[in-house]
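Notes to accompany the following structure.
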Ligand SMILES: [Cu+2]
C-alpha cells in the first residue's frame, strides 16, 4: 500500500466516523424534542378545562358534532343583561362578554346528533351565579368537574341517586326524554345519552335565570336527531 492509498483510506474512515457522529447528534436532538413534547402533554393533561376548550374550538360547529361529542358553554349575559345562553363554541371566544355578544340577533345553538349511538355532552358553565337549590333524582348519570387550586375534582352522580338542594346556576333539560341535568356554578358537567328515536327535541334550562330562560338561541335550543 503506497502513501497515497493509505491517505485515501484514512480520509474515508474519517468521513464515515463523521457521518455516524452527525447521526448520533440528530438522534439525541430528536429524543430531547420528544421528551419536551411529552412534558408539554403532561402539563396540558393537568388542565382538563384547557383540553376541553381547545377541543371545543377545533371540533364544534352548529350543524355537526365531531366524534359524537357535543360541546356547549353556558355563558351569563351573553345576549345582554340576564340573557344567559347555551352557546356553541363556534359562537364563543372563551372570554366572558362585557356586553351583548350576539349583536341583538339570537345566536344559533341548535345541535345535530345521530340516533342509536352514545352522545357525550360536555357543558362548560362559566356562570358563577347560584340561582336555585336543585332537588331531584338522577335519571341520567353525570359527572361534575370543578377547577380547584390542586386540580380537577370530579363528583359522580349515579342512576337513581337522590340530589338534595344542590346549588346550581342552570340545568340542561330535554323535557320529552325526562332528562334534567343540574349545572352548578363555574363547573364542567359531562354526561352520555343515546337518543333512540330520530326527531327534533327541545333542550332548555329549567332554572329561573332571567330573560334568556325559555328563549330560543339563549337558554333554549333544538336537538335534531337524525
Ligand atoms: Cu338558565
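Of note:
- Separation of the residue 68 and residue 136 label points, Cα + 7 Å toward Cβ, nm: 2.3
- Inter-probe distance in nm under a simple model that places probes 7 Å from Cα toward Cβ, at residue 96 and residue 115: 4.2
- Rel. contact order, % - alpha carbon contacts under 8 angstrom, at least six apart, the range 48-225: 26
- For the range 126-176, the relative contact order works out to 48 percent when only alpha carbon pairs closer than 8 Å and six or more residues apart are counted.
- Using C-alpha pairs below 8 Å separated by at least 6 residues, the relative contact order for the range 71-169 is 25 percent.
- Largest to smallest principal axis extent of the C-alpha atoms in the range 48-225, angstrom: 42, 38, 30
- Distance between the range 66-138 and the range 164-200 - C-alpha centres, whole angstrom: 12
- Panel order for 219, 188, by other beta carbons found within 10 Å of each beta carbon, from fewest to most: 188, 219.
- Exposure proxy for 150, 196, 81: other Cβ atoms within 10 Å of each Cβ, ordered fewest to most, give 150, 196, 81.
Each reported figure results from applying straightforward, stated rules to the coordinates on display, with no laboratory input. What you see is a predicted model; the values in this text were computed from it and never measured. When we count neighbours, we look across all protein chains shown, and the Cβ atoms used for this are built from the backbone with ideal geometry, even at glycine.
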